[in-house]
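Novice: One structure follows; several queries about it will come next.
The values are calculated or read from the model by the stated rules, or taken from the named source; none is laboratory data. Computed from a predicted structure; not experimentally measured. Virtual Cβ from ideal backbone geometry, glycine too; neighbours counted across all protein chains shown. In case anyone asks, the SASA skips ligands and DNA or RNA and just uses the protein heavy atoms, side chains included. Shrake-Rupley method; radii C 1.70, N 1.55, O 1.52, S 1.80 Å.
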Amino acid sequence: MKRNNILYKVGLAALGAVMFSSCDSYLDTMPDNRTEIDSEEKVSSLLTSAYLQNGSCILVNEIMSDNSDDMGSSYTQYSSRFLDQAYAWKDITESDNDAPQMIWEDAYRAIASANQALEAIDEMGGATTTTLKECKGEALISRAYHHFILVNQFCKTYNPATSAGDMGITYMEKPETTVKPEYSRGTVAEVYEKIDRDIKAALPLIGDSHYKVSKYHFNSQAVYAFAARFYLFYQKWDQAVAYANKCLGSNAKAMLRDWDAMEALGVTNDLTPRTNAYIDATANCNLLISTSISAAGLFESNYQMYTKYSHDKYLSDKEVVYAPNIWGGEHKNMLRCDGMAFQGSGMDRVLVAKLPAGQSSFWEVDPVAKTGYFMVTSVPLKADMTLLERAEAYIMLKQYDKACEDLTTWMQNWTTSRLTLTPDTITKFYQNMNYYTWDKPTLKKHLHPSFAIDAEGSVQESMLQCVLNFKRIESVHEGYRWWDVNRYGMVIYRRLMNADGEPEKATDSLLVDDPRRAIQLPVSVIQAGVTPNPRDEK
């Protein structure tokens, strides 16, 4: 099938928009000037704010991961100081709606709403009705989920051997009642223990009867998907499998994305039909949908903006969407939904249309001045990823045949391949592949996780290479890859691309124990007295 490589050029003026940052600061706001929450309806309404609304991890995570290259000096006009800092893994001091400051503030704002709902339920006599019981479950799981985001953004990856001493983030368990509270970071181990406790407390309470549009809330399937992900990160493989099973049921294949339907929408200059289909609340695969202020949709679109750092064609051809893979054959022609390559002046991107962008995703605040916010609607929890997370847990349990069943199901849904994967076919495929170098990239990177795995070239290591590769494809443009890079201690590089779109030189590398893997706390938080993440002196 031919790809339409037309560039969609647009500037801020053409969009009629000026992005500006939120001034809603969690640390500086007195949280007690609130409406009294004294009914089921008010509690349920309050919980609509217990989700990210003003911040998103997608853009900053995607640009920090190995899914982005530096396209060179000719693209400088398509960047910003914030993007430059994020790509270089520098401590981010620039203000931006996608900056760590917004993630921090908005996650704690969502947590504050969850805690206020929990307090209100207690003051009303407890979860004495079905609605209040379900609301309590939603509040607990929201609190757990947003602390999970914070600990994985701003702290070292969970490691049983070190996390009792690694700095965590403040676990907020009640509404704040002082203007200038003192915050203790605690440890990563403590944060994980409290997330575990909140998930276990929430699970018996979760129900969907009080939701109007359940996919925008922690419905039952979304809760199980999050639990599977958390226990995977917590290295409790049996529990990860158990909760993934509850989420996916007896027919996981029926829950996966319909890529054939996406392909039928065609390849055009307008990505909106595909992006709208990707985030469709009626799709079985979409378990939790999130909408927040972010320019991530522009960063992963065919708009000629923010293109200096890009998921470019070379990267895609060698490592991600278009890379020669285990399904064999004519790789590009086997994808059920063809990616889209956009190349030209100021643009080198390969996209899997996921995130709505442009005027359709712009929230106009002032219709006269034409100012407002760019929004992004995304799918942070989806069945396709839960399937791969279960496969990863199976690999760690050395239940390789079960892992292969999940990997085969995902592969046959993503491609037209009828190959059935086995431990032997996977092992041979990766044994015959060289390990990645920045100038000779492959699908296989050296793995240095905090948990024990078998030697390089073993069945287990080869199968981990496969599942991490599949997860990278599944989550491209969505920011998840950054967490896997850190969980597995992958060394990644900053590459400067030449005029031909090929690597010219490596400008930096993120080594296994590099402290920059834990994003620095926002400047305002450090100024408020919270201990910053350590940095190597250079």
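Novice: Evaluate the following for R229: is it buried (at least 18 other Cβ atoms within 10 Å of the Cβ), part of a loop (DSSP other than H, G, I, E, B) and basic (K, R)? Spell out how you get there, then give the answer.
Specialist: Details: buried (at least 18 other Cβ atoms within 10 Å of the Cβ): yes; part of a loop (DSSP other than H, G, I, E, B): no; basic (K, R): yes.
So R229 does not fit the description; no.
Novice: Continuing with the same structure: Just checking, does region 113-133 include any residue being open to solvent by 50 Å² or more (accessible area, probe 1.4 Å), touching a Pro at 6+ places or on another chain (Cβ under 9 Å), assigned to a loop (DSSP other than H, G, I, E, B) and over 27 Å from E193 (Cβ atoms)?
Specialist: no
Novice: Scanning for something modelled with pLDDT of 50 or more, under 20 Å from A107 (Cβ atoms) and either of a type in the set (D, E) or over 27 Å from the mean Cα position of the chain (by Cα) (or both), does region 15-27 turn up at least one residue? Give the steps one after another, and end with the answer.
Specialist: Looking only at region 15-27, we keep the residues that are modelled with pLDDT of 50 or more, and these are none.
No, because not a single residue in region 15-27 is modelled with pLDDT of 50 or more, under 20 Å from A107 (Cβ atoms) and either of a type in the set (D, E) or over 27 Å from the mean Cα position of the chain (by Cα) (or both).
Novice: Pick from R481, R517, R472: which is touching a Ser or Thr at 6+ places or on another chain (Cβ under 6 Å) and either closer than 25 Å to A353 by Cα or basic (K, R) (or both)?
Specialist: Values: R517 fails: touching a Ser or Thr at 6+ places or on another chain (Cβ under 6 Å); R472 fails: touching a Ser or Thr at 6+ places or on another chain (Cβ under 6 Å).
One residue alone meets the criteria, R481.
Novice: With respect to Y430, determine if the residue is within 16 Å of M463 (Cα to Cα) and open to solvent by 30 Å² or more (accessible area, probe 1.4 Å).
Specialist: Working: within 16 Å of M463 (Cα to Cα): yes; open to solvent by 30 Å² or more (accessible area, probe 1.4 Å): no.
So Y430 fails the test.
Novice: Kindly indicate whether any position in region 326-337 is of a type in the set (K, R), in a loop (DSSP other than H, G, I, E, B) and surrounded by fewer than 23 Cβ atoms within 10 Å (Cβ to Cβ).
Specialist: yes
Novice: Would a scan of region 492-499 turn up a residue that is open to solvent by 40 Å² or more (accessible area, probe 1.4 Å), modelled with pLDDT of 95 or more and not aliphatic (A, V, I, L, M)?
Specialist: yes
Novice: With respect to P380, is the statement that it is under 22 Å from the mean Cα position of the chain (by Cα) and surrounded by 15 or more Cβ atoms within 10 Å (Cβ to Cβ) true? Break it down stepwise before answering.
Specialist: Working: under 22 Å from the mean Cα position of the chain (by Cα): yes; surrounded by 15 or more Cβ atoms within 10 Å (Cβ to Cβ): yes.
In short, yes.
Novice: I'd like to know if region 414-426 contains one or more residues that are buried (at least 23 other Cβ atoms within 10 Å of the Cβ), closer than 18 Å to K236 by Cα and in contact (Cβ under 8 Å) with a residue 12 or more places away in the chain.
Specialist: no
Novice: Let me ask another. Select, from A242, A222, A264, the only residue that is under 28 Å from D280 (Cα atoms), open to solvent by less than 10 Å² (accessible area, probe 1.4 Å) and among the hydrophobic types (A, V, I, L, M, F, W, C).
Specialist: Details: A242 fails: open to solvent by less than 10 Å² (accessible area, probe 1.4 Å); A264 fails: open to solvent by less than 10 Å² (accessible area, probe 1.4 Å).
Result of the check over A242, A222, A264: A222.
Novice: Criterion first (touching a His at 6+ places or on another chain (Cβ under 8 Å), free of Cβ contacts under 8 Å to residues at least 24 places away in the same chain and open to solvent by less than 50 Å² (accessible area, probe 1.4 Å)) does I169 satisfy it?
Specialist: Numbers: touching a His at 6+ places or on another chain (Cβ under 8 Å): yes; free of Cβ contacts under 8 Å to residues at least 24 places away in the same chain: yes; open to solvent by less than 50 Å² (accessible area, probe 1.4 Å): yes.
Here the answer is yes, as I169 does meet what is asked.
Novice: Could you identify the single residue in K174, K156 that is of a type in the set (K, R) and either under 18 Å from L521 (Cα atoms) or open to solvent by less than 10 Å² (accessible area, probe 1.4 Å) (or both)? Reasoning before the result, please.
Specialist: Values: K174 fails: either under 18 Å from L521 (Cα atoms) or open to solvent by less than 10 Å² (accessible area, probe 1.4 Å) (or both).
When all the criteria are applied, what remains is K156.
Novice: Restricting to helices (runs of 4 or more DSSP H) lying wholly in region 255-304: which have 1 or more residues that are among the acidic types (D, E)? Before you say what the answer is, go through the steps one by one.
Specialist: Details: elements: 259-264, 272-278, 296-299.
Qualifying helices (runs of 4 or more DSSP H): 259-264.
Novice: Moving to a separate point now. Looking only at region 435-480, which residues are open to solvent by 30 Å² or more (accessible area, probe 1.4 Å), of a type in the set (A, V, I, L, M, F, W, C) and over 20 Å from Q235 (Cβ atoms)?
Specialist: Selection gives W438 alone.
Novice: Out of all the residues in region 142-155, is one or more of a type in the set (K, R) and assigned to a loop (DSSP other than H, G, I, E, B)?
Specialist: Looking only at region 142-155, we keep the residues that are of a type in the set (K, R), and these are 143.
Keeping just the survivors that are assigned to a loop (DSSP other than H, G, I, E, B) gives none.
No, region 142-155 contains no residue that is of a type in the set (K, R) and assigned to a loop (DSSP other than H, G, I, E, B).
Novice: Moving on to the next point. Checking the condition under 28 Å from K354 (Cα atoms), of a type outside the set (V, I, T) and assigned to a helix (DSSP H, G or I), which residue from Q460, Q412 passes?
Specialist: On the way: Q460 fails: under 28 Å from K354 (Cα atoms).
Result of the check over Q460, Q412: Q412.
Conditions tested, residue by residue: (1) farther than 21 Å from Q465 by Cα; (2) touching a helix residue (DSSP H, G or I) at 6+ places or on another chain (Cβ under 9 Å); (3) assigned to a strand (DSSP E or B).
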{"site": "W483", "(1), (2), (3)": "no, yes, no"}
{"site": "A506", "(1), (2), (3)": "yes, no, yes"}
{"site": "I519", "(1), (2), (3)": "yes, yes, no"}
{"site": "G529", "(1), (2), (3)": "yes, no, no"}
{"site": "N533", "(1), (2), (3)": "yes, yes, no"}
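Novice: Quick one: in region 516-538, of everything that is under 26 Å from the mean Cα position of the chain (by Cα) and without any contact (Cβ under 8 Å) to a residue 60 or more places away in the chain, which residue is farthest from Y108 (Cα to Cα)?
Specialist: The selected residue is P534.
Novice: Scan region 62-82 for residues that are under 18 Å from F154 (Cα atoms) and not hydroxyl-bearing (S, T, Y) and report the count.
Specialist: Residues of region 62-82 under 18 Å from F154 (Cα atoms): 62-65, 82.
Then keep just the ones that are not hydroxyl-bearing (S, T, Y); that gives 62-64, 82.
Residues meeting the conditions: 4.
Novice: Another question, if that's okay. How many residues are open to solvent by less than 60 Å² (accessible area, probe 1.4 Å) and assigned to a loop (DSSP other than H, G, I, E, B) if we restrict to region 184-209?
Specialist: So in region 184-209, the residues open to solvent by less than 60 Å² (accessible area, probe 1.4 Å) come out as 185-189, 191-192, 195-196, 198-199, 201-203, 205-207.
Keeping just the survivors that are assigned to a loop (DSSP other than H, G, I, E, B) gives 185-186, 203, 205-207.
Result for region 184-209: 6.
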